[in-house]
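Input: a single structure, listed below in structure tokens.
The values are calculated or read from the model by the stated rules, or taken from the named source; none is laboratory data. Predicted model, so just to flag it, every value in this text is computed and none were measured. Methodologically, a virtual Cβ is constructed for each residue, glycine included, from the backbone with ideal geometry; neighbour enumeration extends over all protein chains shown. Heavy atoms of the whole protein, side chains included, go into the accessibility calculation; ligands, DNA and RNA do not. Shrake-Rupley method; radii C 1.70, N 1.55, O 1.52, S 1.80 Å.
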Amino acid sequence: MVRHGHPEQRPVSSTELKPYLKTVETLRRRDPSAPLWPLLSSRWEAIAKAAESVANDSTHRPSREAAKLVLGIARDADAAKVVDTALACFMYREAQPNTFASENAFDFQMVRRVRNLAPTNRGQWVNPNTGKTHYAYPFISPRAMAVIAKTIRDNFSLPAFKLTRRLEAEKDAKAQERAAVSEAIDSLDITPKPKRITTLGAREVATREIEAKEISIP
């Protein structure tokens, strides 16, 4: 409950989030000059700017802890990457709601995926038996997690929702087009037409026989 937001919630891996992150990155590449991207990046930059004063002056401990974490992310991670990760998390929840045991569990997993963008927010150690590198993340209090989650929700949940609906509408339009093409193919008459059989009259037969034998009539 303290670490993942719910006793039955399992950690969400970067591999699970990858398809949705790829979707957002594809949208960026399709229209890099769209005003949406700088607007969302400016939102994150404003969050980081506000965190500076909170981290030093706030008497509310969870807010101060959350602000310090936000500053670490802003220092080490590109704003566009933070935005894309947040949008991907909301898209993942829309597509796979059963992955999350509760809304609180989703908030914890979303914050975990965003904070993992900053290498300074994690330590690492090598397993001597397998030689694999493992990562360890410092504990964040549930109240601080809630502060960060609310900030991300307030700024990025609605854009993610509208992007999801836009993508679904495009998929529906393409599905309708494919259905129309399939229906048109099914209605296409491709049955071979029977050849036309003609019968010759007696005069036409006699004429052809004469021509074949090269008989001239005086």
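A few points about this structure:
- Pairs where the first residue, in the stretch 95-115, is free of Cβ contacts under 8 Å to residues at least 12 places away in the same chain and the second is surrounded by 22 or more Cβ atoms within 10 Å (Cβ to Cβ) and not in a loop (DSSP other than H, G, I, E, B), C-beta under 6 Å, 6+ apart: none
- Index of the failed condition, T130 passing every other in (1) assigned to a helix (DSSP H, G or I); (2) at pLDDT 85 or above; (3) open to solvent by 50 Å² or more (accessible area, probe 1.4 Å): (1)
- Selection status of G72, at pLDDT below 95, out of contact with any Gly (no Cβ under 7 Å at 6 or more places or on another chain), at positive phi and not acidic (D, E): no
- Out of I47, I73, one residue alone is part of a helix (DSSP H, G or I), touching a residue at least 40 places away in the same chain (Cβ under 8 Å) and either closer than 18 Å to L158 by Cα or touching a Cys at 6+ places or on another chain (Cβ under 8 Å) (or both). It is I47.
- Total residues in the stretch 56-69 satisfying the condition of being part of a helix (DSSP H, G or I), more than 33 Å from the chain's Cα centre (by Cα) and under 14 Å from I148 (Cα atoms): the figure is 1.
- R75 being under 25 Å from the mean Cα position of the chain (by Cα) and open to solvent by 60 Å² or more (accessible area, probe 1.4 Å): no
- Residue that is nearest to A88 (Cα to Cα), among those in the stretch 148-177 that are more than 13 Å from the chain's Cα centre (by Cα), among the polar types (S, T, N, Q) and open to solvent by less than 100 Å² (accessible area, probe 1.4 Å): S157
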